[in-house]
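Have a look at the structure below, then the notes.
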Amino acid sequence: MNPNKWILIFVCILWNSSVIAPLSVSSSFSPTDIISTQDHFDFNSTRAYEIIQKQVDIGPRHPGSDGIEKTRLLIASELLPDSEWVISYQNFSKIWMENQNISLVNIICRPIDLDSTQPYFLLLAHYDTRLWADKDPDPLKRKHPVLGANDGASGVAMVLELGRVLLEYHNITNFKLVFFDGEDQGNIYGWDWILGSRFFVNSDEFLNQEISFAILFDMVAGTNATFKREKNSDKWAAELVTKIWNVASALGFNNYFLNQSGRGIIDDHIPILEKGVPAIDIIDEFGIRYKPWHTTFDNMTFIDENTLKAVGWTSESILIEFSTSPEWLSNLSSFTFQTQFILFDWISGTLLLMLGILNRKRKISRI
Ligand code: 1BN
Ligand code: ZN
């Protein structure tokens, strides 16, 4: 047999092996214990759509831009009434193009009545947009900025609208909304991805807190979106993933929430998982299926209110259940995250891709 094939088989076995599954995760609580019976929803997808539109109207919102400053003001202005919310800003900075010091800001919003000595959950999104549309089909546009209707604005809109609904309609106060800066600038002027969440998990806002779980919303408004069980979420926070995908299915949203294993994505949930707190990423499959990803056409044309509704209603349903069944908050297991598995997944995934390309090239040259 061709030696490439042996490597391929070996990597495939290891990649999917239960040997590398999270042995340290355990809990007596079954995610199927509660199934949503909710039939009325306050999450307003039209309002979420409008919050996306407002961000897109600002223009590009990459770190250091006027647009990102305006977005900070917009986020704060959407949380009403003022007297019910406390907003704090986490400032940090990063060198850009060797000598420019760019300031970055994570925005943390909590209901004024949150009792942070009790378990609470986090709703997360990044609000920066990518400086370069480096996946644009037109090479001349690959250094144009991304508008980030889906990649940036949709997560912000989802988190703002969920926060409003939980507090205003359900009087739920055991949560925080966190909007991360610097998520989307990887491989630009030597920057890395997920800078905001890396900073957040090493700050007092995260350390020594009673955080029970976190849900990250990224690219949650695309036309015909499909949300697969993101690989890292599924490995390390399987209970939460199972619960959410089950509720989505019970609500008839299984055309959006596909009960299939998806890719592993380095996103803002990873630093939280690394600290042993269950965290999941609800993210549209990008790149292959989600064509506007990191291009100049990530604009309102590809935004669909129905996708916002599917994600919003599913999340509202779950968060209400969690808040009225506190055993969920206390029974979710913490665990010891093992970074090498993510690294391994990434290396083996890349190897598989390269071998696939090599094999295809060989076949084409034979023809
Ligand atoms: C998600 C949306 N991400 C960026 N925009 C995270 C990511 C990082 C995805 C690296 C793929 C590769
Ligand atoms: Zn992005």
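Just so it is clear, none of the values below were taken in a lab; they were calculated from the coordinates. Nothing here was measured: the structure is a model prediction, and the numbers come from that model. Here Cβ is always computed from backbone atoms with ideal geometry, including for glycine, and neighbour counts include all displayed protein chains.
Quick one: net charge of Q260's neighbours, Cβ under 9 Å, K/R +1, D/E -1?
Values: positive: K228, R229; negative: none.
Value of the local net charge: +2.
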message: Per q in 0.07 Å⁻¹, report the Debye log10 I(q)/I(0) for the range 24-334, using one uniform scatterer on each alpha carbon and no solvent.
response: -0.24
field: Relative exposure of E316, E183, E69, judged by other C-beta atoms within 10 Å (fewest first)
entry: E69, E316, E183
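Of R130, R164, how do they rank once you tally other Cβ atoms within 10 Å and put the fewest first?
Numbers: R130 25, R164 22.
Neighbour counts put them in this order, fewest first: R164, R130.
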- request: Name the lysines eligible as straight-distance cross-link partners of K94: C-alpha to C-alpha under 22 Å, and not fewer than 8 places from it in the same chain.
  value: K70, K143
message: If the reach is capped at under 12 angstrom between alpha carbons, list the aspartates and glutamates near K135, excluding any in the same chain fewer than eight residues apart.
response: D298
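For the range 24-334, give me the percentage of DSSP beta bridges that are antiparallel, rounded to the nearest 5 percent. Let's see the in-between values first.
Working: 17 of 36 bridges.
Percent antiparallel among DSSP bridges in the range 24-334 is about 45.
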task: Identify all aspartates and glutamates with a Cα-Cα distance to K309 below 12 Å; exclude those on the same chain that are fewer than 8 residues away in sequence.
output: D42, E161
message: Taking a virtual spin label 7 Å from the Cα of I87 along the C-beta vector, which residues in the range 46-65 bring their backbone nitrogen under 14 Å of it?
response: 55
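How would you rank W193, W236, W313, going from fewest to most other Cβ atoms within 10 Å of each one's own Cβ?
Working: W193 18, W236 30, W313 22.
Ascending number of Cβ neighbours within 10 Å: W193, W313, W236.
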